1. Could you tell me whether any residue of the stretch 39-60 is without any contact (Cβ under 8 Å) to a residue 60 or more places away in the chain, crowded, with 20+ Cβ neighbours inside 10 Å and under 19 Å from Ile13 (Cα atoms)?
2. So which residues in the stretch 161-197 are modelled with pLDDT of 80 or more and surrounded by 12 or more Cβ atoms within 10 Å (Cβ to Cβ), if there are any at all?
3. If only one of Glu50, Glu61 is assigned to a loop (DSSP other than H, G, I, E, B), farther than 13 Å from Lys5 by Cβ and touching a strand residue (DSSP E or B) at 6+ places or on another chain (Cβ under 9 Å), which one is it?
4. Going by what's in this entry, would Ser390 be described as among the hydroxyl-bearing types (Ser, Thr, Tyr) and either surrounded by fewer than 14 Cβ atoms within 10 Å (Cβ to Cβ) or touching a Ser or Thr at 6+ places or on another chain (Cβ under 7 Å) (or both)?
5. For residues that are under 30 Å from Glu371 (Cβ atoms) and of a type in the set (Asp, Glu), scanning just the stretch 178-217, find the one that is nearest to the chain's Cα centre (by Cα).
6. Would you mind finding the one in Leu353, Leu286 that is within 23 Å of Leu269 (Cα to Cα), of a type in the set (A, V, I, L, M) and part of a strand (DSSP E or B)?
7. Quick one: which of Ala300, Ala313, Ala279 is of a type in the set (A, V, I, L, M, F, W, C), surrounded by fewer than 22 Cβ atoms within 10 Å (Cβ to Cβ), under 19 Å from the mean Cα position of the chain (by Cα) and not assigned by TED's automatic domain parsing to the domain that holds Leu9?
8. Could you tell me whether the stretch 18-25 includes any residue that is under 21 Å from Thr194 (Cα atoms), buried (at least 19 other Cβ atoms within 10 Å of the Cβ), at pLDDT 85 or above and not assigned by TED's automatic domain parsing to the domain that holds Gly285?
Amino acid sequence: MVDVKVPELAESITEGTIAKWLKNVGEKVNKGDDIVELETDKVNVQISAEDEGVLTELKKEEGDTVEVGEVIAVLDPNAAEGAAPAASNAAQPAAPATEDKTPSEAPAAAESEAVSSGNERYVASPAVRKLARELGVDLKDVSTNDPLGRIHGDDVKRAAQPAEKSASKPAAPAVQENPAKPVEVVKMSRRRQTIANRLVDVQHTAAMLTTFNEVDMSAIMDLRKRRKDSFLEKHDVKLGFMSFFTKAVVGALKEFPLLNAEIQGTDLLVKKFYDIGIAVSTEEGLVVPVVRDADRLGFAGIESEIGNLAKKARDGKLALSDLQGGTFTITNGGTFGSLLSTPILNAPQVGILGMHTIQWRPVAIDKDRMENRPMMYLALSYDHRIVDGSEAVRFLVSIKQKLEDPETLLLEG
């Protein structure tokens with residue numbers, strides 16, 4: 001037998017949640033095949049088989065939390081494809097699941113049988129047996145539609161529902177049932193829990209302040225209008241707003257390096273590289289993939305990299321390496337129509353720039369003239385522990401000036 005274990009995932013990740021089994025019990029698994037999809041705090045990862053064999057046992061159900069190094073499944077290199085689960089025939093793969101065995105021949109089956117009567121047998125993983133004990137369900141009373149006779153967690157929960165309802169008291173349920181006011185209880189995903197915890201932690205550990213400004217987008221919009229077709233033809237990528245903002249941020253970070261730093265104990269780590277995180281909204285929640293060495297990329301390189309990362313995020317294909325090590329973050333609430341907001345820091349970074357929707361507004365050109373201009377509000381949230389207010393304000397003014405005179409972005413590289 002070969003144990004399938006949760007491999008080392010990343011330095012900061014020690015556990016995950018079984019999102020989906022990609023192979024079924026009895027199915028042949030080749031070396032390198034993906035067996036299970038694991039949801040971690042940051043991304044979903046597929047665990048591949050390091051050996052080949054038939055998958056004979058799943059030790060964890062979908063939704064279970066598992067730790068690095070924990071055994072989650074068993075492969076049998078000598079079993080034939082379609083073999084019954086190891087829980088019922090660990091010693092004799094070809095024997096029927098209903099055949100009597102002594103406890104020494106099939107310890108897993110003996111544990112799962114509990115107080116079953118006669119020669120009746122059933123198959124359930126340790127996680128399912130544990131769930132049954134917690135819910136007070138006798139597995140011999142649980143029915144299942146599984147073709148191999150396996151009892152799943154959902155089967156146990158269904159069996160437990162009548163008992164739970166009869167034992168419940170009117171004041172006990174957390175959510176009272178009222179047909180006129182329906183409520184759906186949805187379990188938070190691991191990633192959503194992590195996002196929630198991190199956002200709360202940031203507000204507890206950082207002295208976060210936000211400063212605001214506005215930028216006239218006329219020059220950038222005019223430049224894009226004149227250059228977008230030739231840019232697309234030459235580079236096979238559209239000229240968007242994000243490349244201008246990324247370039248402006250990098251230029252401002254070079255002028256104000258403490259916005260590109262982080263705190264470690266009593267030390268400041270002032271970073272001399274510019275890995276810019278670009279916040280992307282997905283169905284699973286907000287993720288921040290990182291554009292590496294943004295200072296070394298041209299406009300086309302930045303647009304191409306952002307496009308690739310956004311596609312990977314939407315398709316759920318981001319790797320952990322895509323999310324680690326950012327030095328500063330840009331988030332664009334304007335995509336959804338936000339006029340003004342206060343972005344929350346992406347720890348351990350000490351600065352985040354919030355973009356907002358472009359809105360035509362009357363602007364005073366001088367004391368005698370008014371013009372309608374495409375205006376955008378900018379928000380810079382920063383950690384006041386190491387960034388002074390005057391420095392944050394000047395940083396944001398620098399970004400504004402660069403965006404309103406985009407040729408300077410080319411001159412400054």
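1. Just the residues of the stretch 39-60 that are without any contact (Cβ under 8 Å) to a residue 60 or more places away in the chain, to begin with: 46-56.
Filter once more, so that each one left must be crowded, with 20+ Cβ neighbours inside 10 Å: 47, 49, 53-56.
Retained after the next criterion (residues that are under 19 Å from Ile13 (Cα atoms)): 47.
Yes: the stretch 39-60 contains one or more residues that are without any contact (Cβ under 8 Å) to a residue 60 or more places away in the chain, crowded, with 20+ Cβ neighbours inside 10 Å and under 19 Å from Ile13 (Cα atoms).
2. The answer is Ala196, and nothing else.
3. Working: Glu50 fails: farther than 13 Å from Lys5 by Cβ.
Among Glu50, Glu61, only Glu61 is assigned to a loop (DSSP other than H, G, I, E, B), farther than 13 Å from Lys5 by Cβ and touching a strand residue (DSSP E or B) at 6+ places or on another chain (Cβ under 9 Å).
4. Details: among the hydroxyl-bearing types (Ser, Thr, Tyr): yes; either surrounded by fewer than 14 Cβ atoms within 10 Å (Cβ to Cβ) or touching a Ser or Thr at 6+ places or on another chain (Cβ under 7 Å) (or both): yes.
Yes.
5. The first filter runs over the stretch 178-217 and keeps only residues under 30 Å from Glu371 (Cβ atoms), leaving 210-217.
When the remaining residues are screened for being of a type in the set (Asp, Glu), the result is 214, 216.
Values: Glu214: 32, Asp216: 34 Å.
Going through the qualifying residues, I end up with Glu214.
6. Working: Leu286 fails: within 23 Å of Leu269 (Cα to Cα).
Sole residue among the options that is within 23 Å of Leu269 (Cα to Cα), of a type in the set (A, V, I, L, M) and part of a strand (DSSP E or B): Leu353.
7. Details: Ala300 fails: under 19 Å from the mean Cα position of the chain (by Cα); Ala313 fails: surrounded by fewer than 22 Cβ atoms within 10 Å (Cβ to Cβ).
None of the others qualify; the one that does is Ala279.
8. yes
The values are calculated or read from the model by the stated rules, or taken from the named source; none is laboratory data. This is a predicted model, so every value here is computed, not measured. Here Cβ is always computed from backbone atoms with ideal geometry, including for glycine, and neighbour counts include all displayed protein chains.
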